[in-house]
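The values are calculated or read from the model by the stated rules, or taken from the named source; none is laboratory data. On a predicted model such as this, the values are computed, not experimentally measured, just so you know. Neighbour counts are summed over all protein chains in view; Cβ atoms, including those assigned to glycine, are modelled from backbone coordinates with ideal geometry.
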Amino acid sequence: MRKHLKAVLFLLSLSTLTTIAQETRLLRQPTIVKDQITYCYGGDIWTTNLTTNKTTRLTSTPAVESNPHLSPDGKWIAFSSNRFGRGDVFLVPTSGGEAKRLTWHPSGSSVRGWSNDGKRILFASSRNTAPSSYNKLYTISVNGGPAQKVADQWAFSGSYASDESKIVIDRVSRWDTEWRDYRGGQNTPLIILDLKTQQEILLPNNKTTDKQPIWINDKIYFLSDRTHTSNIWSYDVKTKAVNQITKYKGTAIKSLGGDKNQLIYEQDGYLHLLNLDSKKTTQLKIELKGDFPWTATKWENVNSRVNFSSISPNGKRVLMSARGDIFTAPVEFGDSRNISQSSGAADRAPIWSPKGNEIAWFTDKDGKGYALHITNQDGSNVSKTISIGVSKMAWNPVWSPDGKYIAFTDDDTRVRIVNLETKKIQTIDNAGTNLERGRLGVTWSPDSNWVAYAKSGDNSLRQIKVWSVKTGETNVITNNFADSFSPAWDLDHKHLYFLASTDLALQSGWANTSAMTARPNYAVYVVNLNKKDESPFKAKSDEEAVKKENKKGETPKKKEDKKSKKTKKEVIIDFEGIARRILPLPIPNGSYYAIDAGPSGFAFISDRSTVHKFDLKKLKSKEFGKRIRIRAISPNGKHMLLSSRRIWKVIKTTAPNAKAAKTVKIDFNMKLDRLSEWNQMFEEAWRYERDYFYDPNLHGRNWNTVYKRYQPLVKHIKHRSDLNYILDQVNGELSVGHSFVRGGDYPRTDRSSVGLLGADFKINNNKWQIQRIYTSESWNPGLNGPLDQPGMNVKEDYYLVGINNNEITSKDNIYQFLDGTANKQTVIHINSKPTFEGSWKEIVKPIRSENSLRQRTWVEDNRRLVDKLSDGKLAYIWVPNTSGAGFVSFNRYFFAQQDKEGAVIDERFNGGGLLDDYMVDLMTRKPRAALTNEVPNGKPMRLPAGILGPKVLLINELAGSGGDYFPWVFRQQKAGLLIGTTTWGGLVKSSTHYRLIDGGSLTAPDNAVFDPVKNEWIAENTGVAPDIFVRQDALSLSQGKDPQLERAVKEALKQLKGDLKITVPKFPTPTKSN
């Protein structure tokens, strides 16, 4: 689609920036050829001629179009687009017209430039990489066809020398591209690669972020943060001199393009031209006007965005928040209502008053922070707002049954009570750790005189506490030898339920990998609050009642009129000796996660699959429902709101089971103003980072300066991707790892339907020859290689000569022919000869991703190589992360090879997770004992289990987070040498505290890891350096070698002292003398 626009363009001296007004900002990723520039704005590709001032909008799609690059003659623009799923390479005339798709591989492709003759487009792709994704450079003809790999060396971006004999590359794709002052392992030197000899020249680099190289004549221009703000620098290929070109402070240069004697760059949302001859910088003033339908205000159904729910006391309506608005919906009759109608505000955590006349929620409607908002239940009257003081957010608010108070947990994990009459707030306690934010289980007693909650102690186990409204005192109900949580008051005013476990064990060290070995079960307990009350477990015996006769002259006593004596029923708690009145319910222990009080004498107990209903009088539990979750119970305990697979249901709590639950048909619609919503999300994101970051001083950053730097860009947002771009930069100002921005409500695009065959192909005899077929290897039932099926006549070195009855040759792009085949039966034509004639058909089912197949093959190839190089003496164990997959992989490979003398542990590409103690503790154990083996010629059995010989650990720049801590603790525990390259350098806890209103998320790290002995931070923004530095050089990679793995084997073999021979000692003869 093409649109011509009247764009205003001016060239202004840098010294006149203060006179600029109203021009469009957020112009991104510019490139230039002669007097033609191209750039991105609002997710689309634009081009402007600097001579004629003519601007053309080249694309207008819901997709994110990016990385536009002009051809050397300026007639074409190559760009990336995710309109068909992952990014693909497209080509469009500079004058406008239909865009032509050139790539189809589902791994994605990002345009990086052109060959100097303009015949081929340079792009980066992670296709065919293992064990995880990293980029290499490819080219593809402007006429289409197959892609050609430039080199085996990793490369995220690159630029050719004038004769194309060499290319300069930025080797690593950084995980957090906006991390300011990043100095970890993913900052590697730019490399000049000789494409013929594969020899490399590493440009000078001291762990700075050097990126986006452009080769012009004898100089390489690139962005670098050597002065802490990203500026343009140059490297002279002949003299090897490095010089700074621009000298901005504060706002960084984000993107760089160039052509002959000029550079164009993006800084502070503007585009700037730099003449390399005159050294003069000018700023372009471009005002873009066009139709952006995605930003138009419209009605939007938000049923799928419900994130908090409550129910009215009489069970007639439900109350929910969805996409920042508050709604109610009828259970049977009537329509849904939008109560708040506030597209530009975030309204969260709505609750219904016990009397049913009011509802309350927390809102940031004033743009400055959250406050408590109370209004009539139908939204008809003037509402009132109560400040929540120092609190920045509220979790799990609970209205007291008498309607006088609202309790909540705030951002700093304080338990706070709002007096609705006086509007005063008091703090009654705070959590033991920030992990308990929103998890304290705050709950009111039926008489509104007590608040119960669970708080962890110094031993990391939680205890049930009770706070008194009348006295302000707090008492502990449970002791510190059990992990107790989820308190729930029985409406009989006599009992309190909770869950507790005495076998939490290693799960108390939640951050460690050893926590994965713990599987604590919880029991359900009930407390007799008043010592005078009988135990619900008191033995019962049926006896005949004897009627007492009145003596002569006695007047029979009149029965009390219960109706005439209505006194408020109070919860009486005798704390003295209360531990003796805590009793387990007679139900099996299980993986319970919540208790909810129902009608008097009943409790609902939830595990991962089932809700159970317990009758305290009968002391019996019955299944209430499967695959359901209790979302709310009305204050009077009579009605329950359930969810099951996004279906909402309401049922009376007196029902025997959930089968009779009524489905609530919600119909939540809001007038969605995305521009207002994006502004709200920016404001909230800025507060969010300020309020939840683990360092109150924000790493020394003036947060108001950050606001002033980025807030003016918000009004220029025309696509959701632009908001994430700004938020990512805001987060990056904290100079910390794990500061990520994800997701959000993007326009819908197609999903890639390209299927893959699980094989490598090479061109031979003008046909595609099968070079390698990827199999499931051994004992991997979850893997499935499409060409590795029983009875299929497909072998390596055979030819793929056709797909779905279409002949293909080496001039064809295989993936174009596989478009639409993912998970669908597909006919392929196979021949042992390079001809279509004589081929036979096989039916296969291509897969969406080959990553798992390639990963498993990479692991097994490495294991076989280590076995070969060490003559069977060394084991090989890959640790993909420090979470579930890493735990499984380590256990599988470590113990299956415990007959080896030593081991190469490979944590390259470790994606992180927990902080390891489990694996390193096992790897540092020494021989302790042995057992005799009474089979013929049986070898004694060594204790403990595992590989007890020497070990080395492989590391690289794509290992981080838990993958940073793993080598650090490996070294700290003296487990062995570290070999390879420095790790990522991001060791803080990545925390998403709550989502933005459109479903997007961002992290604000709230815990950092340090060494208490040395009193220093561990690995953050430095990474863990190896003991022996070995880089993966281009020549070795081109030869299929792995220098790091080979060196690891060499070093491990040096440490072998021969397998410890275990012999059985001479048996004692104590009976010989008898």
Lys455 meets each of (1) touching a Leu at 6+ places or on another chain (Cβ under 8 Å); (2) in contact (Cβ under 8 Å) with a residue 24 or more places away in the chain; (3) within 24 Å of Pro586 (Cα to Cα) with one exception, condition (3)
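Here's the yes/no breakdown for (1) over 30 Å from Asp170 (Cα atoms); (2) touching a residue at least 12 places away in the same chain (Cβ under 8 Å):
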| position | (1), (2) |
| --- | --- |
| Asn956 | no, yes |
| Lys974 | yes, yes |
| Gly999 | yes, yes |
| Thr1003 | no, yes |
| Ala1019 | no, yes |
| Arg1031 | no, yes |
| Asp1042 | no, yes |
| Val1049 | no, yes |
| Pro1065 | yes, no |
When the range 883-928 is examined, which residues are found to be β-branched (Val, Ile, Thr) and crowded, with 20+ Cβ neighbours inside 10 Å?
Val904, Ile905, Val920
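Scan the range 1016-1074 residue by residue and report those that are acidic (Asp, Glu) and assigned to a helix (DSSP H, G or I).
The initial filter retains those residues of the range 1016-1074 that are acidic (Asp, Glu), namely 1016, 1020, 1027, 1033, 1042, 1046, 1051, 1059.
Hits for the range 1016-1074 are Glu1046, Glu1051.
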Positions within the range 793-831 being among the hydroxyl-bearing types (Ser, Thr, Tyr) and either under 39 Å from the mean Cα position of the chain (by Cα) or not in a strand (DSSP E or B) (or both), in sequence order:
Tyr798, Thr809, Ser810, Tyr815, Thr821, Thr826
Conditions (1) out of contact with any His (no Cβ under 6 Å at 6 or more places or on another chain); (2) at pLDDT 95 or above; (3) in a strand (DSSP E or B): number failed by Trp361
(1)
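Out of the range 580-597, which residues are of a type in the set (A, V, I, L, M, F, W, C) and part of a loop (DSSP other than H, G, I, E, B)? Lay out the reasoning, then the answer.
Of all residues in the range 580-597, those of a type in the set (A, V, I, L, M, F, W, C) come to 582-583, 585, 587, 594-595, 597.
Once the filter is applied, which keeps residues that are of a type in the set (A, V, I, L, M, F, W, C) and part of a loop (DSSP other than H, G, I, E, B), the range 580-597 yields Leu585, Ile587.
Of the residues in the range 684-703, how many are under 30 Å from Gly42 (Cβ atoms) and within 22 Å of the chain's Cα centre (by Cα)?
Looking only at the range 684-703, we keep the residues that are under 30 Å from Gly42 (Cβ atoms), and these are 684-690, 701, 703.
Those still in the list that are within 22 Å of the chain's Cα centre (by Cα) too: 684-690.
Total meeting the criteria: 7.
Using the structure shown, decide if Thr513 is modelled with pLDDT of 95 or more and within 26 Å of the chain's Cα centre (by Cα).
Working: modelled with pLDDT of 95 or more: yes; within 26 Å of the chain's Cα centre (by Cα): yes.
Considered against the rule, which asks whether it is modelled with pLDDT of 95 or more and within 26 Å of the chain's Cα centre (by Cα), Thr513 comes out as yes.
Enumerate the strands (runs of 3 or more DSSP E) found wholly within the range 255-320, keeping only those where 2 or more residues are surrounded by 15 or more Cβ atoms within 10 Å (Cβ to Cβ).
Numbers: elements: 262-267, 270-275, 281-287, 298-301, 306-311.
Output list reads 262-267, 270-275, 281-287, 306-311.
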For the range 155-172, how many residues are within 35 Å of the chain's Cα centre (by Cα) and either at pLDDT below 95 or of a type in the set (A, V, I, L, M) (or both)?
5
In the range 596-612, is there at least one residue being assigned by TED's automatic domain parsing to the domain that holds Ser484, in contact (Cβ under 8 Å) with a residue 60 or more places away in the chain and over 30 Å from Glu332 (Cα atoms)?
no
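Let me confirm something: among Thr663, Thr705, Thr610, Thr653, which residue is exposed (fewer than 14 other Cβ atoms within 10 Å of the Cβ) and in contact with a Lys or Arg (Cβ under 8 Å, 6 or more places away or on another chain)? Outline the logic, then answer.
Values: Thr705 fails: in contact with a Lys or Arg (Cβ under 8 Å, 6 or more places away or on another chain); Thr610 fails: exposed (fewer than 14 other Cβ atoms within 10 Å of the Cβ); Thr653 fails: exposed (fewer than 14 other Cβ atoms within 10 Å of the Cβ).
Unique residue meeting the criteria: Thr663.
Listed here are the residues, each with its yes/no results for (1) polar (S, T, N, Q); (2) under 32 Å from the mean Cα position of the chain (by Cα); (3) closer than 23 Å to Tyr134 by Cα; (4) in a helix (DSSP H, G or I).
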{"site": "Ala885", "(1), (2), (3), (4)": "no, yes, yes, yes"}
{"site": "Ser889", "(1), (2), (3), (4)": "yes, yes, yes, yes"}
{"site": "Tyr893", "(1), (2), (3), (4)": "no, yes, no, yes"}
{"site": "Phe909", "(1), (2), (3), (4)": "no, yes, yes, no"}
{"site": "Pro936", "(1), (2), (3), (4)": "no, no, no, no"}
{"site": "Arg942", "(1), (2), (3), (4)": "no, no, no, no"}
{"site": "Phe966", "(1), (2), (3), (4)": "no, yes, yes, yes"}
{"site": "Thr982", "(1), (2), (3), (4)": "yes, yes, yes, no"}
{"site": "Gly985", "(1), (2), (3), (4)": "no, yes, yes, no"}
Lys767 meets each of (1) surrounded by 13 or more Cβ atoms within 10 Å (Cβ to Cβ); (2) within 26 Å of the chain's Cα centre (by Cα); (3) not small (Gly, Ala, Ser) with one exception, condition (2)
How many of the residues making up the range 512-538 are buried (at least 17 other Cβ atoms within 10 Å of the Cβ) and among the small types (Gly, Ala, Ser)?
3
Tabulated pairs, the range 162-182, first free of Cβ contacts under 8 Å to residues at least 12 places away in the same chain, second outside any loop (DSSP other than H, G, I, E, B), C-beta under 6 angstrom, 6+ apart or interchain:
none
The range 405-446, subset of a type in the set (Lys, Arg) and part of a strand (DSSP E or B), residue surrounded by the most Cβ atoms within 10 Å (Cβ to Cβ)
Arg416
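Quick check on Lys538: is it modelled with pLDDT of 95 or more and at negative phi? I'd like the intermediate steps shown before the answer.
Numbers: modelled with pLDDT of 95 or more: no; at negative phi: yes.
No.
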Which condition number in (1) within 31 Å of the chain's Cα centre (by Cα); (2) at pLDDT below 95; (3) under 22 Å from Lys280 (Cβ atoms) is the one that Thr19 fails?
(1)
List the number of the failed condition for Ser990; all other conditions in (1) out of contact with any Lys or Arg (no Cβ under 9 Å at 6 or more places or on another chain); (2) under 30 Å from Lys900 (Cα atoms); (3) in contact (Cβ under 8 Å) with a residue 24 or more places away in the chain hold.
(2)
Where the second residue is part of a loop (DSSP other than H, G, I, E, B) and hydrophobic (A, V, I, L, M, F, W, C) and the first is in contact (Cβ under 8 Å) with a residue 60 or more places away in the chain and lies in the range 634-658, which pairs have Cβ atoms under 6 Å and are six or more apart or on separate chains?
Gly637/Leu491; Val650/Val331
Condition (residue is of a type in the set (Val, Ile, Thr) and not in a strand (DSSP E or B)) applied to the range 389-404: is it met by at least one residue?
yes
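One line per residue, one yes/no per condition, for (1) over 19 Å from Pro106 (Cα atoms); (2) of a type outside the set (D, E, K, R); (3) surrounded by 17 or more Cβ atoms within 10 Å (Cβ to Cβ); (4) in contact (Cβ under 8 Å) with a residue 60 or more places away in the chain:
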| residue | (1), (2), (3), (4) |
| --- | --- |
| Tyr41 | yes, yes, yes, yes |
| Thr51 | yes, yes, no, no |
| Leu58 | yes, yes, yes, no |
| Val64 | no, yes, yes, yes |
| Trp76 | yes, yes, yes, yes |
| Phe79 | no, yes, yes, no |
| Gly85 | no, yes, yes, yes |
| Phe90 | no, yes, yes, no |
| Thr94 | yes, yes, yes, no |
For the range 920-936, check the following and say yes or no: at least one residue is in contact (Cβ under 8 Å) with a residue 60 or more places away in the chain, in contact with a Gly (Cβ under 9 Å, 6 or more places away or on another chain) and within 30 Å of Asn1021 (Cα to Cα).
no
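So, Glu777, is that one of a type outside the set (A, V, I, L, M, F, W, C), assigned to a loop (DSSP other than H, G, I, E, B) and touching a strand residue (DSSP E or B) at 6+ places or on another chain (Cβ under 6 Å) or not? So that I can check it myself, show each step before the final result.
Working: of a type outside the set (A, V, I, L, M, F, W, C): yes; assigned to a loop (DSSP other than H, G, I, E, B): yes; touching a strand residue (DSSP E or B) at 6+ places or on another chain (Cβ under 6 Å): no.
Considered against the rule, which asks whether it is of a type outside the set (A, V, I, L, M, F, W, C), assigned to a loop (DSSP other than H, G, I, E, B) and touching a strand residue (DSSP E or B) at 6+ places or on another chain (Cβ under 6 Å), Glu777 comes out as no.
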Six or more apart or on different chains, Cβ atoms under 9 Å: show the pairs whose first residue is in the range 331-349 and under 10 Å from Asp364 (Cβ atoms) and whose second is outside any loop (DSSP other than H, G, I, E, B) and of a type in the set (Val, Ile, Thr).
Ser342/Ile326; Ser342/Thr363; Ala345/Thr363; Ala346/Thr363; Asp347/Ile326; Asp347/Thr363; Arg348/Ile326; Arg348/Thr363
